[in-house]
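A short worksheet on the structure shown next.
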């Protein structure tokens with residue numbers, strides 16, 4: 001991930017307090033990072049969303065092992081804002097409902113406020 005990326009900044013802060021990894025490859029393409037690590041060329045740091053996608057399909061990604069970094073990376077906040085005084089088109093309401101469903105399924109630890 002690029003150095004300006006929010007997750008990258010959090011990871012850099014985390015590693016500044018611990019042992020700094022020896023980065024061999026840095027790129028934005030998470031699938032490439034996964035494939036490189038899967039082939040035995042090191043470990044990959046993936047976003048939580050990518051870990052969720054790979055971890056939920058164990059038959060497709062049998063060698064995928066997650067070692068989460070807990071309690072040392074600050075929480076990220078996601079806001080979905082829309083006007084409630086303006087009638088939204090059906091596709092926008094469907095998007096809001098689908099997003100809420102995905103976030104609820106993604107992690108039971110996410111606080112969603114309506």
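Tell me whether the range 80-93 contains one or more residues that are at pLDDT below 80, out of contact with any strand residue (DSSP E or B) (no Cβ under 6 Å at 6 or more places or on another chain) and surrounded by 10 or more Cβ atoms within 10 Å (Cβ to Cβ). Within the range 80-93, one or more residues are at pLDDT below 80, out of contact with any strand residue (DSSP E or B) (no Cβ under 6 Å at 6 or more places or on another chain) and surrounded by 10 or more Cβ atoms within 10 Å (Cβ to Cβ).
For the range 19-31, the criterion of a residue being at pLDDT 80 or above and under 22 Å from residue 103 (Cβ atoms) is satisfied by at least one position.
Does residue 37 qualify as being part of a loop (DSSP other than H, G, I, E, B), free of Cβ contacts under 8 Å to residues at least 40 places away in the same chain, over 23 Å from residue 99 (Cα atoms) and not assigned by TED's automatic domain parsing to the domain that holds residue 102? Even if it seems obvious, please write down each step before you answer.
On the way: part of a loop (DSSP other than H, G, I, E, B): no; free of Cβ contacts under 8 Å to residues at least 40 places away in the same chain: yes; over 23 Å from residue 99 (Cα atoms): yes; not assigned by TED's automatic domain parsing to the domain that holds residue 102: yes.
Criteria not met by residue 37.
Taking the criterion of being outside any helix (DSSP H, G or I) and either surrounded by 11 or more Cβ atoms within 10 Å (Cβ to Cβ) or not assigned by TED's automatic domain parsing to the domain that holds residue 62 (or both), the residues of the range 2-26 that qualify are 5, 21, 25, 26.
The values are calculated or read from the model by the stated rules, or taken from the named source; none is laboratory data. Computed from a predicted structure; not experimentally measured. Because the Cβ atoms are built from the backbone with ideal geometry, glycine has one as well, and the counts that use them run over all protein chains shown.
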